[in-house]
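Scroll down for the structure; my scribbles are underneath it.
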Amino acid sequence: EPRPNAGWGAREQPGSRKIKQLLLAEDYNGILEVARQQVESGAHVLDVCVALTERDDERATMEKVVKLLAMGVEAPLMIDTTEPEVAEAALAVYPGRGIINGNNLENGRERIDQILPIAGKHGAAVLSMTIDKDLGGMAKTADLKVEVARKIHAIATEDYGLKPEDLIFDALVFTLATGDAEMAGSAIETLEGIRRIKAELPGVLTCLGVSNVSFGLGAAARAVLNSVFLFQAVQHGLDMAIVNPAHITPYAEIPEDQRRLAEDLIFNRHPDALAAYIQYFEEHDVQVGGEASDPTAEMSAEQALHWHIVHRKKEGVEALIDDCLTRQGAVTVLNTVLLPAMKEVGDKFGAGELILPFVLQSAEVMKKAVAYLENFLEKAEGTSKGVVVLATVYGDVHDIGKNLVKTILSNNGYTVHDLGKQVPVNTIIEAAQQHNADAIGLSALLVSTSKQMPLVVNELARRHLAYPVLIGGAAINRRFGYRALFLEESNAPYAPGVFYCTDAFEGLAVMDRIMDPQRYPAFVQEVIEAASRELERPLPARKTRATGTRSATPPAPNLPPPPFWGPKTVQNIFLESVFPHLHKPELFRLSWGAKNTHGAEWEKLQAEFEQRLLQMQREVIRQKTLHPRAVYGYFPVQAAGDDLILYDWQAYAADGSLHEAERFRFPRQPDGDLLCLSDYFAPVGSAQVDVCPLQIVTVGEVATEHFDRLQNAEAYSEAYFFHGLAVQTAEATATTINQHINRELGIPLERGLRYSWGYPACPDLEDHALVFRLLPGAVADLGMALTDAYQLVPEQSTAAMVVHHPAARYFSVGVSRVEQLMGS
């Protein structure tokens, strides 16, 4: 999806004078070098304008420059010209999908009727300014901006067959520096115009030349106003911005007083807003693009290193790492300083506080820091979180997005094999086999090349290979990912999953779920169900395995009588009784991220975690940020092959009659022990009615609210530790209730097992709906809910069935991961 972009050209941009000199000198190598510098600074699109009053060869010059840039840079080109024949010539030699800039209705339909056929012929997008001579020229009000955009939209789609996504509208922004009362509200009109264009013309994109808003102010005042206005424009739906990334400061990093003054001016909050803004910058020494003093002067080395990554400062990271290493090991520096810093960058990006160029710059600092830190890391086998093969698909020469994915995955513990760009299907698959990949990642910028993605998926299925496939790029969206999930020949979903990722950070989150064997099956099912709903396709039929077949599991030695039938709610469970059941190895190594720490370093970290846990437990009890509660119950059951029949407990309690109320269907191992959960219960026809306890526990919405408060306060590390503790406390609450059930049944605490849905023995999350029907107190008393994908809400909750059979054990269904996923 488009993010705010940077422009480059020979007229409007700061580099224009230099480009003009290079054009006059016919120094095309110099032009290419400037273009590369702009891309390295974060530009996504290069706006190319070569019109010069000193020369009359615009067409020939444009052809030369376009050919040069197409071969020398990877960013797409925007052809900026007032001459239709120049646009035609440029697109004829450009191999990618270009954009034509400068379309409008300034001269009625004369220009638009020349430009749009060219765009349609070459598959180009069109950037149109909201200018219409019949409506007074440049649109200054939101109403006029929308009216002009709607008029151009109608001509483009109805007369020339362009799609809404081919259209980019510049809603025009005017300077706020004139003091003209008539223009004081112009920024508000622009923001509202952007919002309405996006809302009233679905699918179109918006663009602004942001720096126009500050024209006439001093350099420092311009930099702040441009940055704040860009942030507000993005909040209102802006897709693209013509800016110089070096002159933009992230909104969260601008001092509060400067933000307030800029927003007073932008939103015209009082008559003296402009005077107050100008006065502030006359009285204060505000540095353009940086701080007047060193903000890390009073920080520890760890804090300063974190700051350098978040604020994109490469200089001095090696010295900071050296300082950190005098107090802790390299792995600890990586896990507690570098990775949390990059996570903060990702969170800010997701919240819209950072534009992608800044993320790329932070990634470069992270890359430099990790490269230096590797000198102090022990090279040990088996420390990788997983292996990913990345490629830009065949026919596509763009790999900026793919490179960011590589950086984020590599910096977070994954081994990445980057195959580069224009990679054929066969090469991708062979590399996945050669490197024993855990997943394949595919990138495409162009609509035409994105068709290679489903080709990879279908070829994997034909070869009976089971690699999860992650896809992303500007040309595709989540619906495309859902379509790519379904195979051409069978129309069945590709069992290992196709996962659309909006950005590199979602790619990281997807890989983490894929590599977790306890979460991956449910994750795949979640995506398949979402795709089926979105595309209105029937859900794949659930497989039945060896119905009627039983394993050699013997009957339980006794069927314990329950203390009551039906559900019961436990509203208050003391944390003091739950915390002893915390599984500290899982908390410390999985939830708190220390799974790769060993030896003396682990002993030190474990001691730190023990102290942290003790402190956090006291705070949680005092602040009441965890509220363990549960609903559980006992239900009469019998097994019928792979199914477990749950009878109406009220009828059974009243007169012993058996009326089926619900039914679980569990998978059975295809060979070996042929285990299935239903085998642990008395079968139909045995004259015995068994008991199946069910339970749902949660630590409450209060946990989610506290986590959100920490996140909103940018206390990301504390939020991370609290989230881990909340999840593990929910598990500890589940153990507490499980043991309470065993006591009520009169069986040893260690007898039997607890099974949660989403795991191999009972993988179907939709069974959560059945459990909710049987335990209605989950909604009525605990305030819980299910998502469309049958996930529990609040997140820090679990549901399970308790099997009292002493021979119960955990098991997988299927002889191998590949065969299980492919249905062999």
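The values are calculated or read from the model by the stated rules, or taken from the named source; none is laboratory data. Nothing here was measured: the structure is a model prediction, and the numbers come from that model. Glycine also receives a Cβ, built like all others from the backbone with ideal geometry; neighbour counts cover every protein chain displayed. Each accessible area value is taken on the protein alone, full model and side chains, heavy atoms only, with ligands, DNA and RNA left out. Shrake-Rupley method; radii C 1.70, N 1.55, O 1.52, S 1.80 Å.
Structure notes:
- Karplus-derived HN-Hα couplings along segment 224-231 (A = 6.51, B = -1.76, C = 1.60, θ = phi - 60°), whole Hz, x at Gly and Pro: 5, 4, 4, 5, 5, 5, 4, 4
- Ordering of 144-156, 563-575, 770-782 by burial proxy (mean other Cβ atoms within 10 Å per residue, highest first): 144-156, 770-782, 563-575
- Contour minus Cα-Cα distance for ALA600 and ALA92 (0.36 nm per residue): 176.4 nm
- Between the helical axis of 301-310 and the longest alpha-carbon principal axis of the chain there is an angle of about 60 degrees.
- Modelled FRET efficiency - R0 35 Å, GLU40 with GLU158, Cβ distances, 0.05 increments: 0.25
- Rounded accessible area per residue of the chain, 1.4 Å, Å²: 43
- The modelled label-to-label distance for the pair PHE267/ALA199, using points 7 Å beyond Cα in the direction of Cβ, is 1.7 nm.
- For Cα extents along the principal axes in Å, calculated from these coordinates, the label among (i) 99, 62, 53; (ii) 92, 79, 67; (iii) 95, 69, 62: (i)
- Summarising the strand pairing of the chain, around 50 percent of its internal DSSP beta bridges are antiparallel.
- Neighbourhood net charge (11 Å Cβ-Cβ; Lys/Arg +1, Asp/Glu -1) for ALA461: -1
- For TYR810 and ASP655, the FRET efficiency from 1/(1 + (r/R0)^6), where r spans their Cβ atoms and R0 equals 30 Å, is about 0.20.
- Relative contact order, percent, the chain [alpha-carbon distance under 8 Å, six or more residues apart]: 8
- Put a dot 7 Å past the Cα of ARG533, heading toward its Cβ, do the same for GLU586, and the two dots end up 2.8 nm apart.
- Estimated vicinal HN-Hα couplings, Hz - segment 685-700 in sequence order (Karplus 6.51, -1.76, 1.60; Gly, Pro = x): x, 8, 6, 10, 9, 8, 10, 10, x, 10, 8, 10, 10, 8, 9, x
- For the pair segment 189-253 / segment 461-507, the C-alpha centres are spaced 34 Å from each other.
- Nearest-ten-degree value, helix 28-40 long axis tilted from longest Cα axis of the chain: 40
- The calculated FRET efficiency for the pair LYS18 and GLU718, based on their C-beta separation and a Förster distance of 41 Å, comes to about 0.30.
- Sorted from greatest to least, the principal axis extents spanned by the alpha carbons of segment 64-181 come out as 49, 36, 23 Å.
- Assigned charges on the beta-carbon of Lys, Arg, Asp, Glu; the chain dipole about Cα centre (debye): 1920
- For the chain, the longest principal axis of the Cα atoms and the long axis of helix 400-411 meet at an angle of about 40 degrees.
- Each Lys and Arg Cβ is given +1 and each Asp and Glu Cβ -1; about its Cα centre, segment 660-734 then shows a dipole of about 160 debye.
- Estimated inter-spin distance, ASN107 and ASP134, nm [label 7 Å along Cα→Cβ]: 1.8
- Separation of alpha-carbon centers, segment 118-169 and segment 747-764, rounded to whole Å: 60
- Take 499-511, 126-138 and order them by the average number of nearby Cβ atoms within 10 Å per residue, most first; the result is 499-511, 126-138.
- Using the rule -39500 (n - 2.57) for each DSSP H run of four or more residues, divided by the residues of the chain, the 222 nm mean residue ellipticity is -13000 deg cm²/dmol.
- Segment GLU26-VAL793, length gained on full extension (0.36 nm per residue, minus Cα span): 269.7 nm
- Of the solvent-accessible surface of the chain, computed with a 1.4 Å probe and all protein chains present, 50% belongs to carbon and sulfur.
- Unsatisfied cross-links (Cα-Cα over 23 Å) in the set LYS64/LYS151; LYS368/LYS584; LYS18/LYS121; LYS121/LYS198; LYS64/LYS121; LYS121/LYS163: LYS64/LYS151; LYS368/LYS584; LYS18/LYS121; LYS121/LYS198
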